[in-house]
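**Student:** Below you will find the structure I want to go over with you.
The values are calculated or read from the model by the stated rules, or taken from the named source; none is laboratory data. Predicted model only: the values in this text are computed from it and were never measured. With ideal geometry, Cβ positions are generated from the backbone for all residues, glycine too; neighbour counts draw on all protein chains shown. Surface accessibility is based on the protein's heavy atoms, side chains included, excluding ligands, DNA and RNA. Shrake-Rupley method; radii C 1.70, N 1.55, O 1.52, S 1.80 Å.
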Amino acid sequence: MKFFSKSEDDHLDGITAELRQKIAAAAMPLPVQKIAEQELDLLTRISPASAEYTIGITYIDYLLTLPWNKKTEDNLDIQRAERILDENHYGLNKIKERILEHLAIKVLIKNQKARILIADDEEIARKNLAHILTKEQYDVVAVADGEQAMQALEASEFDVLLTDLRMGKVDGMDLLERTRLKHPDIKVVLVTGYATVPSAIEAMQKGAFHYIAKPYKLDEVRETVKRALEQRTLKPSTKGSVLCFAGPPGTGKTSLGKSIARALNRKFTRIALGGLKDEADIRGHRRTYVGAKPGRVIDELRRVESANPVIMLDELDKIGHDFKGDPASALLEVLDPEQNRAFTDHYLDVPFDLSSVMFILTANVLDTVPAPLRDRMEVIEFRGYTREEKVRIASQFLCAKQIREKGLTRDRVVFTNEAVDRIIQEYTREAGIRNLERRIATICRKIARETLQNSGEPSVTTITPDSVERYLGRKKFHFDVIEEQDRVGVATGLVRTESGGEIIFVEAARMKGTKELIITGSLGDVMRESAQAALSYIRSNAGAFGIADDFFEHHDIHIHVPSGAIQKDGPSAGVTILAALLSLLTNRPARRDVAMTGELTLTGRILPVGGIQDKVLAARRAKVRTMLVPARNRPDVEELSADLRKDVELRLIDTVADVVDAVLLGKLP
Ligand code: ADP
């Protein structure tokens, strides 16, 4: 059947021929090339006016533009990497060290020569094999019998053993069995001139990796060894193969990721996991309708035109709420070295090797990340910055950057440290430095405008604490705990949220009623349960606290945590809720400048909690004087640097009595 006139036919033939040429020139892996050719053959048989034709052409085009073999050459100079990380980032020493170690291991593994042991009693055969494999850049040791082979295996490490089947004393089959037993990681390949089907089957059953019959082709030997080694490289890297940066926003996770890419000389790209709606966003849509698209991972590779970029997968903890399908398993296919060599995007329908991509995950908190994923990650924790660190980062990096970006020069604009400190204290409230950078940007923008208005007279603008107010208006935050009075029924707590450590105030009120517990303030389930547990603890020990036996019969209790817009959850507010309730029920004011964290059990035990560093930072931001920390968190407290502990007294608490002593004013009634 004819669809088109002759000239149109010629035109279409032209397109097909061009595509055919491109496919041949694209250096795709052989199976992919075959698929592309088959697809093209199919297209020549269907109407160019049909939807399938367009889908087919788009598909082939897509295959053609993927960077199948296109990689940037890694720069593996660790010292240079260290310089680059330092160049853009103040402090973060431990984190930089961990990153450099991670890179160093990658470098070592990459440069590690594979070691091959050859066992053959025939000298010529032995030398031949050794020659072929040495030329492939392997480290080769050749021995004349099975016994020597066993000794060599004991003495040093090998990845592959190539052994003849018939040898004196310990023959090939014997050697295979002993090697499987003592060195199960070594891949054994049997080579023999007496190849018979039964011995081949026996060898495979006993765990040989492969079986080569003499006379062999050189390519067969090379290919077999290569395949055996490919399986080897999968092994050591499975656990902790992916870096995960966890910590509050604005603490340098993204910018360190970019620096890693720069250090390695790789392309960099980001995918926000929080924005993904279903599995197809990761794995792609099947190519059955016109709007089908590949997944984001493949799409990003195409965009950066490289098969080995650094891909930062952001917001790991935001994925999942309304995600259709199982995000963890889709992500594992992408991240897991055992699977990602042959990652199959539904749209592509052919495997793409993702093993050279360096993935870095980021998350604010890790509580919600599924265990199988967490197992694959090497977690590097980022904490918030202290006030002093922020001042230094601003004066060394942020101010200079903003001055430059707004078209100003550093000899004309000077930020004093006192001014920066005022911005930090009065205009931002954060663990990281995102808003600090924004405020500095605002000031620079205003100066840029002034500079133009006063054009002609070059002058130096010095930003002092006073000018901060002129540029940014009245201070935005009042949250010093000492500015407020101590009250009955209000206790100060420290929790960890997505944005780092936060100070909270737990309020408790009582009213006539019938034993009801009302809880408000956007509290999650765990925190609600903490409230219930705290109340039950007090009720069951009412006498000890001097609370009348029948008090609860005739009263309702209301617990509220203001700042309702912030979602709060986790067990670590238990002790704070207890303090607020005890203050209310014993009518003793609670000290506002004592902030606490700790989980409370029904029997009044105090359990350890996470995020101590971030909580200390929050306590300092709010000018808390004393911070109560569960005694079982002692190791975390001992780990804190002197710099971090400055200005706040840390006190370990073991029992409810410790809390009462530290927080409640006045005597028991
Ligand atoms: P995150 O990804 O953790 O939310 P970013 O990497 O986006 O944070 O950091 C926010 C800004 O702060 C960036 O401009 C970054 O360069 C800067 N920054 C963060 N930490 C440091 C640091 N230690 N030294 C210099 N600049 C930093």
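**Student:** Could you please tell me the mean projected area of the C-alpha convex hull for segment 261-411, averaged over all directions and given in square nanometres to one decimal? Don't jump to the answer; show the numbers that get you there.
**Tutor:** On the way: hull surface 49.5 nm².
Across all orientations, segment 261-411 yields a mean hull projection of 12.4 nm².
**Student:** Quick one: accessible area per residue over segment 1-147, 1.4 Å probe, rounded to a whole number of Å²? Let's see the in-between values first.
**Tutor:** Details: 8860 Å² over 147 residues.
On a per-residue basis, 60 Å².
**Student:** On to the next question. Taking the C-alpha atoms of segment 491-535, how large are the radius of gyration and the largest Cα-Cα span, Dmax, in Å?
**Tutor:** Cα only, segment 491-535: 12.3, 38 Å (Rg, Dmax).
**Student:** With a 1.4 Å probe and every protein chain kept in, tell me what percent of the accessible surface of segment 292-422 is carbon plus sulfur. Please list the in-between numbers first.
**Tutor:** Details: 2350 of 5380 Å².
Summing carbon and sulfur atoms, their accessible area is 44 percent of the total for segment 292-422.
**Student:** Now a separate question. Mind ranking 146-156, 591-601 by how tightly packed they are, going by the mean number of other C-beta atoms within 10 angstrom, highest first? Kindly include the intermediate steps, with their values, before the conclusion.
**Tutor:** Values: 146-156: 16.5, 591-601: 23.5.
Descending packing order for the listed peptides: 591-601, 146-156.
**Student:** Taking N as the number of residues in segment 512-648, what value does Rg over Cα atoms divided by 2.2 N^0.38 Å take? Write down the numbers at each step before the final one.
**Tutor:** Details: Rg = 15.9 Å, N = 137, 2.2 N^0.38 = 14.3 Å.
Scaled against compact globular proteins, the figure is 1.12.
**Student:** Write down the accessible area per residue of segment 374-457 in Å², having rolled a 1.4 Å probe over the full set of protein chains.
**Tutor:** Values: 4280 Å² over 84 residues.
Result: 51 Å² per residue.
**Student:** When the convex hull of the Cα atoms of the chain is projected onto a plane and the area is averaged over all directions, what value comes out in nm²? All intermediate terms of the calculation are to be shown ahead of the outcome.
**Tutor:** Details: hull surface 180.9 nm².
Seen from a random direction, the Cα hull of the chain projects 45.2 nm² on average.
**Student:** Going Cα to Cα from Lys187, which lysines come in below 22 Å? Please leave out same-chain ones fewer than 8 positions away.
**Tutor:** Lys110, Lys113, Lys127, Lys135, Lys169, Lys206, Lys214, Lys217, Lys226, Lys235, Lys239
**Student:** Then there's this: Projected area of segment 394-469, taken from the Cα convex hull and averaged over every viewing direction, in nm²? Walk me through the intermediate numbers first.
**Tutor:** Values: hull surface 18.7 nm².
Projected over every direction and averaged, the Cα hull of segment 394-469 covers 4.7 nm².
**Student:** Ignoring ligands, DNA and RNA, please state the percent of accessible area on segment 506-583 from carbon and sulfur, probe 1.4 Å.
**Tutor:** Working: 1700 of 3450 Å².
That fraction is 49 percent.
**Student:** Of all DSSP beta bridges in the chain, what percent run antiparallel (nearest 5)? Could the numbers behind the result be given before it?
**Tutor:** Working: 20 of 75 bridges.
Looking only at bridges with both residues in the chain, the antiparallel portion is about 25 percent.
**Student:** Placing +1 at every Lys and Arg Cβ and -1 at every Asp and Glu Cβ, with all other atoms neutral, what dipole size does the chain have around its Cα centre, in debye to the nearest 20? It would help to have the intermediate numbers written out before the result.
**Tutor:** Working: 98 positive and 100 negative charges, 365 e Å.
Dipole about the Cα centre, nearest 20: 1760 debye.
**Student:** Could you state the angle between the C-alpha long axis of helix 574-586 and the longest principal axis of the C-alpha atoms of the chain, as a value from 0 to 90 degrees rounded to the nearest 10?
**Tutor:** 10
**Student:** Sorted by average packing, counted as other Cβ atoms within 10 angstrom per residue and highest first, what order do 278-288, 495-505, 75-85 take?
**Tutor:** Values: 278-288: 19.0, 495-505: 22.0, 75-85: 15.5.
Packing proxy ranking, top to bottom: 495-505, 278-288, 75-85.
**Student:** I would also like to ask the following. Which of Pro635, Leu664, Leu650 sits closest to the plus end of the dipole of segment 574-669, meaning its Cα is farthest towards the positive end, when Lys and Arg get +1 and Asp and Glu get -1 on the C-beta?
**Tutor:** Leu664
**Student:** Can I ask one more? Provide the packing ranking of 393-399, 427-433, 160-166, 367-373, i.e. peptides ordered by the mean count of other C-beta atoms within 10 Å per residue, highest first.
**Tutor:** Details: 393-399: 19.7, 427-433: 21.6, 160-166: 24.3, 367-373: 14.4.
In decreasing order of mean packing, 393-399, 427-433, 160-166, 367-373 become 160-166, 427-433, 393-399, 367-373.
**Student:** Separate question: Rounding to the nearest 10 and keeping the result within 0 to 90°, find how far the Cα-based axis of helix 30-43 lies from the longest principal axis of the chain.
**Tutor:** 90
**Student:** Starting from a Cα-only point model with no solvent, please compute log10 I(q)/I(0) by Debye for segment 65-218 at q = 0.17 1/Å.
**Tutor:** Rounded to two decimals, the profile gives -0.93.
**Student:** OK, next. Can you pull the Kirkwood radius for segment 201-314, inverse mean 1/r over Cα pairs, to one decimal in Å? Don't jump to the answer; show the numbers that get you there.
**Tutor:** Values: mean 1/r = 0.0544 Å⁻¹.
Evaluated on segment 201-314, it is 18.4 Å.
**Student:** Less than 19 Å apart at the alpha-carbon level, and either on another chain or at least 8 residues along: which lysines does that give for Lys615?
**Tutor:** In chain and number order, the partners are Lys390, Lys568, Lys623, Lys646.
**Student:** Carbon and sulfur: what percent of segment 12-116's accessible surface (1.4 Å probe)?
**Tutor:** Working: 3270 of 6090 Å².
Result for segment 12-116: 54 percent of the exposed heavy-atom area is carbon or sulfur.
**Student:** For the chain, what does the helix formula give at 222 nm: sum of -39500 (n - 2.57) over DSSP H segments with n ≥ 4, over the residue count, nearest 500 deg cm²/dmol?
**Tutor:** Details: 26 runs with 285 residues, N = 669.
Dividing the helical sum by the residues of the chain leaves -13000 deg cm²/dmol.
**Student:** Cα centroid distance between segment 401-433 and segment 345-393, in Å?
**Tutor:** 29
**Student:** If you split all Cα-Cα distances of segment 627-669 into 5 Å bins from zero, what percentages do you get per bin, shortest first?
**Tutor:** 5, 20, 27, 19, 14, 9, 4, 2, 0
**Student:** Nearest 10 degrees, 0 to 90: what angle lies between the long axis of helix 525-540 and the longest principal axis of the chain (Cα atoms)?
**Tutor:** The answer is roughly 40 degrees.
**Student:** Would you kindly state how much longer the chain becomes between Ser47 and Arg286 on full extension, computed as 0.36 nm times their sequence separation minus their alpha carbon distance, in nm to one decimal? Intermediate values should be presented prior to the final figure.
**Tutor:** Working: separation 239, 0.36 × 239 = 86.04 nm, distance 2.15 nm.
Using 0.36 nm per residue and subtracting the Cα-Cα distance, I get 83.9 nm.
**Student:** Write down the accessible area per residue of segment 510-669 in Å², having rolled a 1.4 Å probe over the full set of protein chains.
**Tutor:** On the way: 7080 Å² over 160 residues.
Per residue, segment 510-669 has an accessible area of 44 Å².
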